Amino acid sequence: MDVFYDYQSLVDSRDTDLFGHCRPSAVLGLLQEAATQAAGAIHLSGPEIRDRYHAFWMLARIRYQLSRPLLWNEPVTVKTWHRGGRSAVMYREFDILAGGELVGQALSAWVLAGLDSHKLLHLDAVGEIGDTSGGSLCRSDVLRKLRLTGALTPAGERRLGYSDTDINGHVNNTRYADFLCDALELEDVGRGKFVSQLQLCYLGECLGGETIRLQTGREEEGLSVRGEGLDGSDRFEGILTLDKLS
């Protein structure tokens with residue numbers, strides 16, 4: 001049996017940028033909420049995993065692609081399912097629909113880490129996963145290590161504050177998209193275009209109160225951002241692709 005979850009939302013004024021498009025961080029927010037609700041529906045929510053396995057879900061990588069931007073006041077449906085848990089990584093897939101039309105897809109990779117040790121747990125140990133995968137809906141693509149485009153150059157520093165954090169005390173997964181867009185000055189380079197693809201690789205935890213150092217690279221095929229701690233530790237890498245509006 002194919003197990004999936006439909007999450008419905010609306011692109012509201014809090015989600016839109018100066019071009020009237022759903023910001024990349026808001027797109028990630030739609031995916032994150034769909035994943036959260038879908039996990040809860042099959043008893044794999046964060047609180048349930050914490051109570052039963054003394055562990056927490058951690059997003060390792062994510063990619064989304066859009067054929068057009070999501071627009072202000074547009075109803076959006078995110079259909080999501082997972083591929084099962086036969087290794088240390090669980091892949092969750094998404095279809096993104098606007099007005100009933102398929103306009104995008106996404107793929108995320110999740111791991112379970114111990115609350116105290118932060119060591120990865122093998123998903124075979126999580127009995128609730130069982131027969132809850134997407135079955136025939138599942139695709140075969142995977143998320144590999146990013147190859148950043150262009151020679152990276154310094155793009156300043158950013159202090160991580162209260163508004164960046166989530167319920168776990170870490171910087172929320174969605175906020176990294178804002179770090180990319182701000183570092184790349186999308187308010188200028190994004191005119192007449194839209195973000196057709198975004199990929200993020202989360203390499204190290206970021207906490208409120210920290211400062212990260214940013215680097216950017218620019219080539220025709222993609223815009224890259226790398227974030228590191230002031231001690232040089234890897235924190236995240238991302239690639240963003242812009243397409244012209246039709």
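Here are some notes:
- Stretchable slack from D116 to S87, in nm (0.36 nm times residue separation minus alpha-carbon distance): 8.3 nm
- In the chain, excluding the sites themselves, the longest stretch lacking any of the GluC sites (Glu not before Pro) that are in a DSSP loop with at most 16 other Cβ atoms within 10 Å is 1-184.
- Scanning the chain for trypsin sites (Lys or Arg not before Pro) that sit in a DSSP loop and have at most 14 other Cβ atoms within 10 Å, the longest stretch containing none of them is 15-85.
- Just so you know, the Rg over Rh for the chain is 0.95, from Cα atoms, with Rh as the Kirkwood radius.
- Partner aspartates and glutamates for K193 [C-alpha distance under 12 Å; skip if fewer than 8 residues away on the same chain]: D243
- Estimated at 0.36 nm per residue, the fully extended path between H43 and V142 surpasses their Cα-Cα distance by 33.1 nm.
- Protein accessible area in the range 1-91, 1.4 Å probe - carbon and sulfur %: 53
- Neighbours of G84, meaning other residues whose beta-carbon lies under 14 angstrom from its beta-carbon, give a summed charge of -1 when Lys and Arg score +1 and Asp and Glu score -1.
- Within the accessible area of the range 112-152, the carbon and sulfur atoms contribute 49%, probe 1.4 Å, all protein chains present.
- The mean accessible area for residues of the range 153-201, using a 1.4 Å probe and ignoring ligands and nucleic acids, is 49 Å² per residue.
- Once the 1.4 Å probe is applied to the protein heavy atoms, the range 4-105 comes out at 45 Å² accessible per residue.
- Length added when fully stretched, E101-D12, from 0.36 nm per residue minus Cα-Cα: 30.2 nm
- Positive contributions from Lys and Arg (+1) and negative ones from Asp and Glu (-1), summed over other residues with Cβ under 15 Å from the Cβ of L121, come out at -1.
The values are calculated or read from the model by the stated rules, or taken from the named source; none is laboratory data. Just so it is clear, the model here is predicted, and its values are computed rather than measured. Methodologically, a virtual Cβ is constructed for each residue, glycine included, from the backbone with ideal geometry; neighbour enumeration extends over all protein chains shown. Protein only, heavy atoms only, side chains kept; ligands, DNA and RNA dropped before computing areas. Shrake-Rupley method; radii C 1.70, N 1.55, O 1.52, S 1.80 Å.
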